[in-house]
Amino acid sequence: MPSFRRRSKTKPATAAFTLVEVMVGTVIFTIASVGVLSGLLQARKMTEGSIYVATATTVAQGYVEQLKNMKFRHLDESTIPELISQGVPDSLIVSPLPADVETGNADTDIVNTRSIDINNTPEVAQDDLSINFVVYVQDITDEANGVGEARRIVLRWDYTDNSTGANVAVGNTLYAIRSRIPTF
């Protein structure tokens, strides 16, 4: 008697994802993507803030270096004459010396504001970095103690950082000493 094998009429099983597995995978991928994207956006904001601080510090240090290297007699003027510029007059008005140069005196401080186009978009003034500078020059000559003609230069700068969406005050104070005899 011949042996007959019965063939199965069911289709062989194939590997596949169910709809539920696809949905769960999509949700997990979306959550991970949102986390990575928010991290990248936060890093960009922090980088932008660092660029603003570095720019403001560099400009302030440049002013201090120019003040240290100009003719000594100009330090006693109420307006520091034109500094090295790019074709635009760039003088600074000196404020009367307050009791505390770190905090200044809102009634007597003269603010010198400079706008810097960091993003290289001259037609869009809203994205410029607007830095406020206050300059103090103090005569620290003390012949009795062996200090010849000398001036203490104080330059305080600040700006409002909005790179994170909140207005945050950023600033610093730079100090330098300049004697009549240049010391390098």
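Just so you know, all these numbers are worked out from the coordinates, no wet-lab data involved. From a predicted model like this one, the values you see are computed outputs, not experimental measurements. Neighbour counts run over all protein chains shown; Cβ positions are idealised from the backbone, glycine included.
In what order do 133, 72 fall by count of nearby beta-carbon atoms within 10 Å, going from fewest to most?
72, 133
In terms of other Cβ atoms within 10 Å, 117, 161 run from fewest to most in the order 117, 161.
Placing +1 on the Cβ of every Lys and Arg and -1 on the Cβ of every Asp and Glu, with no other charges, gives the range 19-179 a dipole of roughly 340 debye about its Cα centre. Comparing 81, 122, 96 in a Gaussian network model of the chain, where Cα atoms under 10 Å apart are tied by springs, the biggest mean-square fluctuation is seen for 122. In percent, rounded to a whole number, the relative contact order of the chain is 17, using alpha-carbon pairs under 8 Å and six or more apart. Taking the fewest neighbouring Cβ atoms within 10 Å as the starting point, the ordered list for 23, 70 is 23, 70.
Could you tell me the ratio Rg/Rh of the chain? Both radii from Cα atoms, Rh via Kirkwood.
Using Cα coordinates only, the ratio equals 1.50.
Restricting to DSSP H runs of at least four residues, report the calculated mean residue ellipticity at 222 nm for the chain, -39500 (n - 2.57) per run over all residues, nearest 500 deg cm²/dmol. Could the numbers behind the result be given before it?
Details: 1 runs with 51 residues, N = 184.
Result for the chain: -10500 deg cm²/dmol, rounded to the nearest 500.
Highest mean first, the peptides 54-65, 135-146 sorted by other C-beta atoms within 10 Å per residue fall in the order 54-65, 135-146. Computed 3J(HN,Hα) for the range 110-123, one whole-Hz value per residue from the Karplus formula 6.51 cos²θ - 1.76 cosθ + 1.60 where θ = phi - 60°, is 9, 8, 9, 9, 10, 9, 10, 8, 5, 7, 6, 10, x, 7, glycine and proline marked x.
Placing pseudo-labels 7 Å out from each Cα toward the beta carbon at residue 97 and residue 176 gives an inter-label distance of 1.8 nm. Here the range 152-176 and the range 65-122 have alpha carbon centers that stand 14 Å from each other. In the chain, the DSSP beta bridges split such that about 95 percent are antiparallel, to the nearest 5. Under a Gaussian network description of the chain, with springs only between Cα atoms under 10 Å, the residue in 32, 15, 106 that fluctuates furthest is 15.
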